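Student: Sharing a structure, written as structure tokens. Questions coming.
The values are calculated or read from the model by the stated rules, or taken from the named source; none is laboratory data. Bear in mind that the values here come from a model prediction, so they are computed numbers and not experimental data. We place every Cβ from the backbone using ideal geometry, glycine too, and count neighbours over all the protein chains shown.
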Amino acid sequence: MTDLLTTIYPYVKAFHVMAVLSWMAGLFYLPRLFVYHAERGTGEGEPGDSLSMMEDKLFRLIMRPAMIATWVSGICLVVTPGIVDWSLLWPWVKAVSVLMMTGFHGWCAGQRRALMRGDALSGRRYRLMNEVPTLLMIIIVLSVIVKF
């Protein structure tokens with residue numbers, strides 16, 4: 001099995017990068033949709049219905065599969081021999097940050113349900129939360145590239 005993982009490593013890494021990009025695109029955009037929904041789509045009808053549909057499709061059809069693909073390919077990379085030295089700090093920083101990113105993904109799922117119930121946060125609060133994936137992305141990229 002380890003020979004196979006070593007052989008396909010470049011392909012798994014490429015797939016991982018593509019999955020991360022897709023997931024991050026959704027994590028950047030969904031809170032922005034929440035801002036619009038909270039500020040302009042609070043009543044029945046348009047634009048609330050369109051925003052709800054966009055949020056649902058983005059979450060279910062893009063973000064969730066991309067998150068799963070990110071996790072599966074990331075675990076494959078982690079178990080590939082010689083790739084991760086767990087005695088260093090960077091893999092631990094990345095792992096915690098990825099767990100936090102997954103938690104943010106879950107928070108987005110909860111906010112979708114809250115918006116459907118009409119229990120939204122303020123647009124300002126969603127704007128602030130929109131910065132969370134950016135900060136986590138910076139930490140993850142620096143930890144992987146710099147390997148501190």
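Student: Working carefully through the options V35, V12, V72, find the one that is touching a Cys at 6+ places or on another chain (Cβ under 6 Å) and part of a helix (DSSP H, G or I).
Tutor: Within the list V35, V12, V72, the selection yields V12.
Student: While we're here: Looking only at residues in region 124-148 that are of a type outside the set (K, R) and not in a helix (DSSP H, G or I), which one is surrounded by the most Cβ atoms within 10 Å (Cβ to Cβ)?
Tutor: If we take residues in region 124-148 being of a type outside the set (K, R) and not in a helix (DSSP H, G or I), then N130 is surrounded by the most Cβ atoms within 10 Å (Cβ to Cβ).
Student: Within region 80-96, is there a residue that is charged (D, E, K, R) and surrounded by fewer than 16 Cβ atoms within 10 Å (Cβ to Cβ)? First the steps, then the outcome.
Tutor: Just the residues of region 80-96 that are charged (D, E, K, R), to begin with: 85, 94.
Restricting the remaining residues to those that are surrounded by fewer than 16 Cβ atoms within 10 Å (Cβ to Cβ) gives 85.
The answer is yes, given that some residue of region 80-96 is charged (D, E, K, R) and surrounded by fewer than 16 Cβ atoms within 10 Å (Cβ to Cβ).
Student: Quick test of your reading of the structure: I75 fulfils all but one of (1) more than 22 Å from E131 (Cα to Cα); (2) surrounded by 15 or more Cβ atoms within 10 Å (Cβ to Cβ); (3) within 23 Å of the chain's Cα centre (by Cα). Name the failing condition by number.
Tutor: Exception for I75: condition (2).
Student: Hey, another quick one. Here's a check for you: in region 103-123, which residue that is assigned to a loop (DSSP other than H, G, I, E, B) and loosely packed, with under 15 Cβ neighbours inside 10 Å is modelled with the highest pLDDT?
Tutor: Per the stated criteria, the residue is S122.
Student: Tell me yes or no: at least one residue of region 46-63 is under 27 Å from V144 (Cα atoms), part of a loop (DSSP other than H, G, I, E, B) and acidic (D, E).
Tutor: No, the conditions are met nowhere in region 46-63.
Student: From R40, R64, which residue is surrounded by 12 or more Cβ atoms within 10 Å (Cβ to Cβ), within 18 Å of H105 (Cα to Cα) and charged (D, E, K, R)?
Tutor: On the way: R40 fails: within 18 Å of H105 (Cα to Cα).
Step by step, each of R40, R64 is checked, and only R64 is surrounded by 12 or more Cβ atoms within 10 Å (Cβ to Cβ), within 18 Å of H105 (Cα to Cα) and charged (D, E, K, R).
Student: Looking at region 83-105, can you tell me whether even one residue there is free of Cβ contacts under 8 Å to residues at least 12 places away in the same chain, among the small types (G, A, S) and more than 28 Å from N130 (Cβ to Cβ)?
Tutor: yes
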